[in-house]
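One structure below.
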Amino acid sequence: MNTNTVILVIGANGQLGSVLTTSLQEKYGVDQVIASDLRKREGFNGVFEVVDATDINRIHEVVTQYKVTQIYHLAAILSAKGEENPLQTWDINMKTLFNVLEVSRLHEIEKVFFPSSIAVFGEGANLDNTPNNSYLDPSTVYGISKAAGENWAQYYYTKYGLDVRSIRYPGVIGYQSMPGGGTTDYAVDIFHKAVLKEEFNCFLKEDTMLPMIFMEDAIRATIELMEAPKEDISLRTSYNIAGISFSPAQVVEEIRKLYPEFKVNYAPDFRQEIAASWPKSIDDTVARNDWGWKANFDLKGIAEIMMAKLKEKYKNGSKNLETLLL
Ligand code: SER
């Protein structure tokens, strides 16, 4: 391992960013990882800088101060939240990406990670076992920003040789942190409600199949991609990765094995339409062939771990979800 590796994580308070930061600290050392977000995280163990990624000068400053060699840019407004203010979502998602790409080019950053999403696909793609090179006609501004971002990532690689790598994440399910503003968020919230013995109001129809992935798999995929030899990376837009596909009804079935009384009301809202435009399942052949990707967790395994871990957390902590973060 390169002992000079210094990693800047932008969006380190987010659902994925918070857990990824801890994994990177474990792997590279606490002092080698600079966590950053709009607000300082109370009780954070490690180096933290307040960074608004729409401010390129602030990113320059932090990269210079810590001699950063890698950037993971995880800040973005997600699919459902993004629809509230489409132009602002475009501005924020693109501005922050351009800032990261430009700073990386100017500072000759070794590697950059840019997360894409299943939201890049739309009805122009075959939504069953969606191949990597499908036609992209995203239905949300979030998806449009990710599809554009993928092309910009490839552009910076081709034009400037910047080593940008990217994954199209499915919905990420973890007990460590809460998602916010996504269409796949129900698949985390539902476990919290089950463990708290509360009813769940599901904003998707019961048979809505979506691709999902367990947090451990998502983090491992990210680190495996970033550590893969450069010559193995054949895709400079973004890699499909599959975890497991399921519907709300299938999660409820798993939950009721432990909580037979668990009650769910289905009240689909605007997110149903977004979900309907996304793949039901993902073909990740290219990631498998290029860097050996393979998911470990199925729905049964995910459900068991989610319920056990959340039960433990709620037993030890308060009901306030903020205090449950990590
Ligand atoms: N989880 C994201 C969302 O629902 C998809 O990338 O917006």
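The values are calculated or read from the model by the stated rules, or taken from the named source; none is laboratory data. Computed from a predicted structure; not experimentally measured. Note that each Cβ is placed from the backbone with ideal geometry, even for glycine, and that neighbours are counted across all protein chains shown. Surface accessibility is based on the protein's heavy atoms, side chains included, excluding ligands, DNA and RNA. Shrake-Rupley method; radii C 1.70, N 1.55, O 1.52, S 1.80 Å.
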Take the residues in region 135-159 that are open to solvent by 20 Å² or more (accessible area, probe 1.4 Å) and of a type in the set (S, T, N, Q); name whichever of them is nearest to the ligand (Cβ to nearest atom).
Ser139
Does Asn126 satisfy being within 16 Å of the ligand (Cβ to nearest atom) and either within 29 Å of Ala187 (Cα to Cα) or at pLDDT below 95 (or both)?
no
Quick check, is Ala308 exposed (fewer than 14 other Cβ atoms within 10 Å of the Cβ) and in a helix (DSSP H, G or I)?
yes
Does Val68 satisfy the criteria of being assigned to a helix (DSSP H, G or I) and in contact (Cβ under 8 Å) with a residue 40 or more places away in the chain?
no
Can you work out which of the residues in region 206-236 that are touching an Asp or Glu at 6+ places or on another chain (Cβ under 8 Å) and in a helix (DSSP H, G or I) is nearest to Gln250 (Cα to Cα)?
Asp232
Region 160-176, residues that are farther than 24 Å from Asn129 by Cα and either among the aliphatic types (A, V, I, L, M) or within 12 Å of the ligand (Cβ to nearest atom) (or both):
Leu162, Val164
Which one is farthest from the ligand (Cβ to nearest atom) among residues in region 88-97 that are open to solvent by 70 Å² or more (accessible area, probe 1.4 Å) and in contact (Cβ under 8 Å) with a residue 40 or more places away in the chain?
Lys95
Members of region 177-193 that are open to solvent by less than 20 Å² (accessible area, probe 1.4 Å) and either among the small types (Gly, Ala, Ser) or more than 12 Å from the ligand (Cβ to nearest atom) (or both)
Ser177, Gly182, Ala187, Ile190, Phe191, His192
When the residues of region 264-321 are narrowed to those that are of a type in the set (Gly, Ala, Ser) and within 18 Å of the chain's Cα centre (by Cα), which ends up farthest from Gly180 (Cα to Cα)?
Ala287
